[in-house]
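Here the structure is laid out as C-alpha cells; the discussion comes afterwards.
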C-alpha cells in the first residue's frame, strides 16, 4: 500500500530528527563544559521566564503583554548568547541543527500541515524504485539528446515530440486523466523519452510506477491465481491501479490471450474512471492495437491522449 510506504518514510524522518537532536544535545553539553558562563546565562533567562509565567497565573489579564515580554526575553538571550560565543571565537551558526531540508527542518511537514516537497520527492522515488531494475529515476528531460538521430527529418520530428513532452511535464496534473501513447517502429528512443519524462515528474513528487507489459502479465497471473501472494504483491497491484502515472512499456510483446485482453481492459477502464494517467510505449501501430486489444479499452485510452508519430531509421545499438 502507498500508505505503508508513506508511514515507513515518516519513521525515517523521525529517526533522522532523533539523531539530529542527540547531536545538538551533545554539542550543548560540550559547550557547557567549555563555557560554564553559558549555562549560567541560560539558567538566568529561564528564571526570568518563570517570573513572567507566575505573573500570568496570578493575573490572566497579563497574558497578552506577557507574551510580548517573552519575545523580548528570547531576543535578549540570543543576543547575549551570541556575544558570549563570539568572544570565545565560536560561530553561533555552527551550533545550529544541520537540516537536510531547511523548509520542513526534517519534519516532513510544512508549517501549514502539508507534506514538504522533499517528502513527496522521496516518496515518489521510493515507489518508483519498486518498479525494479527498469526504473531509471536518474533520468530526466535534460539528459535527452537529439544528436543520436542522424536522419534530418527524424531528428526534426523528435525535436517536436521532445518539446511537447517538456510542456507536458511542466503542466502535468495528477488526476487529470491525461494519457500518452508512444506507438511506432522499434528503436526510435520511445522508452528513453518516456523514462526521461517520468524522471522530470519525480522531481515534483508525482507517484509513478513502471512495468513492462510482459512483466505485468506475469504478475497478474500470479496475483489472480496463486493461493499465497508474495510480499509486496498488494502494493504492486495498488500501484498498477492507483499511481498518478503508470508507465507500461513494450505493450504487444506479451503473449496475448483472453486473460490478457480482459486484464488490459480492466486496467485501462479503472484508470480511466479514476482519472489516473497511463503512458504506453509499443511497437504496434494504432490499427494493430485495436485488432489485438479490446476496442473499448483503446477508446478509453485514446479519449484524452497525446499520440505523437514516430518514424525513421532504427537507432544503432547502444543508443537510447
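Each reported figure results from applying straightforward, stated rules to the coordinates on display, with no laboratory input. Just so it is clear, the model here is predicted, and its values are computed rather than measured. Every residue, glycine among them, receives a Cβ derived from its backbone with ideal geometry; neighbour counts consider all protein chains shown.
All alpha carbon pair distances within region 2-95 were sorted into 5 Å bins beginning at 0; the resulting P(r) in whole percents reads 2, 11, 15, 15, 13, 12, 12, 10, 7, 3, 0.
Cβ-to-Cβ counts within 10 Å put 61, 196, 281 in ascending order as 61, 196, 281, the fewest first.
Taking every DSSP bridge with both residues inside the chain, close to 5 percent are antiparallel. Helix 258-273 and the longest principal axis of the Cα set of the chain meet at an angle near 50°.
The modelled label-to-label distance between residue 52 and residue 25, using points 7 Å beyond Cα along the C-beta direction, is 2.5 nm. Mean residue ellipticity, 222 nm, helices only, the chain: the sum of -39500 (n - 2.57) across DSSP H runs of n ≥ 4, divided by residue count and rounded to 500, is -19000 deg cm²/dmol.
Take every Cα pair under 8 Å in region 66-162 that's 6+ residues apart, average their separations, divide by the length, and report that relative contact order as a whole percent. Walk me through the intermediate numbers first.
Working: 31 pairs, mean separation 8.5, N = 97.
Value for region 66-162: 9 percent.
Using R0 = 56 Å, the C-beta based FRET efficiency linking residue 33 and residue 204 works out to 0.75. Take the Cα of residue 231, step 7 Å toward its Cβ, do the same at residue 218, and the gap between the two points is 2.0 nm.
Averaging Cα coordinates gives a centre for region 159-226 and one for region 5-67; these two points are 48 Å apart.
For region 2-95, what is the relative contact order in percent, using Cα pairs closer than 8 Å and at least 6 residues apart in sequence?
Working: 25 pairs, mean separation 22.0, N = 94.
23 percent.
Between residue 187 and residue 291, how high is the FRET efficiency from 1/(1 + (r/R0)^6) when r is the Cβ-Cβ distance and R₀ = 30 Å? Nearest 0.05. Between residue 187 and residue 291 the formula returns 0.85.
Rounded to the nearest 10 degrees, the inclination of helix 152-171 to the longest alpha-carbon principal axis of the chain is 40 degrees. Among rounded, prolate and oblate, which fits region 172-320 when a ≥ b ≥ c are the square roots of the eigenvalues of its C-alpha gyration tensor, a/c under 1.5 means rounded, and a/b larger than b/c means prolate? Taking the square roots of the gyration eigenvalues as a ≥ b ≥ c, region 172-320 is rounded. Compute a Gaussian network model of the chain, connecting alpha carbons closer than 10 Å, and tell me which residue from 96, 53, 248 fluctuates the most. Taking springs between Cα atoms under 10 Å, the residue moving most is 53.
Computed FRET efficiency, Cβ-Cβ of residue 78 and residue 303, R0 45 Å: what is it to the nearest 0.05? Mind showing how you got there, number by number?
Values: r = 60 Å, r/R0 = 1.33.
With R0 = 45 Å, the Cβ-Cβ based efficiency is 0.15.
Only alpha carbons enter this Debye calculation for region 100-230, each as an equal point scatterer, and the log10 of I(q)/I(0) it gives at q = 0.11, 0.12, 0.23 Å⁻¹ is -0.53, -0.62, -1.38. Residue-normalised convex hull volume from the C-alpha trace of the chain: 219 Å³ per residue. Across region 211-261, the mean sequence separation of Cα contacts (distance under 8 Å, 6 or more residues apart), normalised by length, yields a relative contact order of 63 percent.
Please compute, over every Cα-Cα pair in region 20-75, the percentage with a separation greater than 15 angstrom.
On the way: 914 of 1540 pairs.
Above the 15 Å cut-off, region 20-75 has 59 percent of its Cα pairs.
Each peptide among 19-27, 115-123 gets the average number of other Cβ atoms lying within 10 Å of its residues, and from highest to lowest they stand as 115-123, 19-27.
Quick one: helix 233-242 against the long Cα principal axis of the chain, what's the angle to the nearest 10°, folded into 0 to 90? Roughly 80 degrees, rounded to the nearest 10.
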